[in-house]
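Undergrad: Sending over a structure as structure tokens; questions will come in a sec.
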Amino acid sequence: MNEKDLYPDYQPKKTPDTVYDYLRYPKTNIFKILDDIGRPSLEKLNLILTYFKKYKIEAKKNPGGIQKGNVAIGADSDQYYSSEEEILVSELGKMLKNIVESNSKREIEKIMLKERV
């Protein structure tokens, strides 16, 4: 018997993983912060940077760790599980990257001066 016989309707996930794939509890503080930010934009650069700086420190204080992975679903036997703080810093970093890549250096400098970042 092969795998297709065991799970004939199985379809592999084809979309990139998101923060929603990693977190089990929707009432986590991460979603409150992401909701507070809303859609990332140049005007929210200061807010995102503030959260990023705060949670980068928190992520160092509370790192994830290695746990036994569920090999049956494709995980490594020793799997790294990120802390919520690490996941949030990653999401905030993606937002910052997107803002920097989609705005000119001049626009970023202008908003940083205005916001005193």
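The values are calculated or read from the model by the stated rules, or taken from the named source; none is laboratory data. Here the structure is a predicted model, which is why all the values come from computation and not from measurement. Every residue, glycine as well, gets a Cβ built from its backbone with ideal geometry; the counts of neighbours run over all protein chains shown. These area figures cover heavy atoms from the full protein model, side chains too; ligands, DNA and RNA do not enter into them. Shrake-Rupley method; radii C 1.70, N 1.55, O 1.52, S 1.80 Å.
Undergrad: If I model a spin label at Ile73 and Lys60 as a point 7 Å from the Cα along the Cα→Cβ vector, what separation in nanometres do I get?
TA: Taking the simple label geometry, Ile73 and Lys60 are separated by 3.3 nm.
Undergrad: Follow-up question, since we're still on this one. I'd like the trypsin sites (Lys or Arg not before Pro) in the stretch 53-117 restricted to DSSP loop residues with at most 12 other Cβ atoms within 10 Å, sorted by number. The partial results should precede the final answer.
TA: Details: sites: Lys53, Lys54, Lys56, Lys60, Lys61, Lys68, Lys94, Lys97, Lys105, Arg106, Lys110, Lys114, Arg116; in loops: Arg116.
In loop regions of the stretch 53-117 (DSSP not H, G, I, E or B), the sparsely surrounded trypsin sites (Lys or Arg not before Pro) are Arg116.
Undergrad: Kindly provide the helix-only [θ] at 222 nm of the chain, computed as the sum of -39,500 (n - 2.57) over DSSP H runs of four or more divided by all residues, to the nearest 500 deg cm²/dmol? Could you put the intermediate results ahead of the total?
TA: Details: 6 runs with 63 residues, N = 117.
-16000 deg cm²/dmol, from helical runs alone.
Undergrad: So who's got an amide H within less than 5 Å of the one on Ala75, skipping anything under 5 residues away but keeping other chains? H placed 1.01 Å off N, in plane.
TA: Hits under the 5 Å cutoff: Asn70.
Undergrad: Moving on to the next point. Any aspartates and glutamates with Cα under 14 Å of the Lys13 Cα? List them, leaving off those in the same chain fewer than 8 positions away.
TA: By straight Cα distance, Lys13 reaches Asp21.
Undergrad: Which pairs break 25 Å Cα to Cα here: Lys32/Lys53; Lys27/Lys56; Lys44/Lys105; Lys14/Lys54; Lys14/Lys61; Lys32/Lys97?
TA: Numbers: Lys32/Lys53 17 Å; Lys27/Lys56 21 Å; Lys44/Lys105 16 Å; Lys14/Lys54 33 Å; Lys14/Lys61 34 Å; Lys32/Lys97 21 Å.
Long pairs (Cα-Cα over 25 Å): Lys14/Lys54; Lys14/Lys61.
Undergrad: If I histogram all Cα-Cα distances within the chain using bins 10 Å wide from 0, what percent of pairs lands in each bin?
TA: 11, 32, 28, 17, 9, 2, 0
Undergrad: OK, next. Taking θ = phi - 60°, what integer Hz values does the Karplus form 6.51 cos²θ - 1.76 cosθ + 1.60 yield along the stretch 74-88, in sequence order, with x for Gly and Pro?
TA: Each residue of the stretch 74-88 in turn: x, 7, 5, 5, 10, 10, 7, 10, 5, 6, 4, 5, 5, 5, 5 Hz.
Undergrad: A further question on this structure: Accessible area per residue of the chain at 1.4 Å probe, in Å²?
TA: 81 Å²
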